[in-house]
Amino acid sequence: MLKAARGTMETKCKRPKDTWIKPDTFALLEKKRECGREGDHYKTLWKQVRKHLRRDREEHLESICGEMESAQSANNARDMFRSMNRLTKHACPLVKLVNSESGATLTEDPEIIVSWRGVYYTTEQADHILPSEGLKEAIPTF
C-alpha cells in the first residue's frame, strides 16, 4: 500500500511563485537546479540568477513607486497608501539569539542582558548601570 501511495502521490511541495519574478528568471532557476553544483557553469548560472532577481525586484519596486506617484498626482490617498503599505507592511519576525561564553544559546531578554553585562562592563559597573530588578537610572553615554 505504501508503494502504491508513493507511486501515485507527489511528495515534493512546490513554493508558490512570487509575482515579481519574471518567467525568464524562472527558466534560469530551473537550469541552475538541473545543473550540478560543481563547475564553472553552475557559478555562472548562479550569478545570472542573482543578477536577474535583483533586476526583477528593482523593476517591481519601481512599478509600485510609479503607482504611488500616479495616485498622489490624482489626489487618490487610498491608492497611494495602499501602495505604500505593499512596500512597508511586511511581517519581520524578531529573532533574539545570543551565544553565551559557555556556548549555550540565549533567547530571553534577562539572560541576554546578563551575558552582555559581563562582556561590556565589569561586574561592579554592570550592577550599578543595569540592576537585575529593572533599569532605575540612565545608562551613561561614552
Filter result (β-branched (Val, Ile, Thr) and free of Cβ contacts under 8 Å to residues at least 24 places away in the same chain) within the stretch 45-68: 64
Residue 36 fails exactly one of (1) surrounded by 10 or more Cβ atoms within 10 Å (Cβ to Cβ); (2) modelled with pLDDT under 90, namely (1)
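Count, please, the residues in the stretch 54-113 that happen to be part of a loop (DSSP other than H, G, I, E, B) and farther than 29 Å from residue 25 by Cα.
First, pick out the residues of the stretch 54-113 that are part of a loop (DSSP other than H, G, I, E, B): 74-76, 89-97, 100-104, 107-108.
Going one step further and asking which of them are farther than 29 Å from residue 25 by Cα, we end up with 74-76, 94-97, 100-104, 107-108.
Residues that pass the stated criteria total 14.
The values are calculated or read from the model by the stated rules, or taken from the named source; none is laboratory data. Bear in mind that the values here come from a model prediction, so they are computed numbers and not experimental data. Virtual Cβ from ideal backbone geometry, glycine too; neighbours counted across all protein chains shown.
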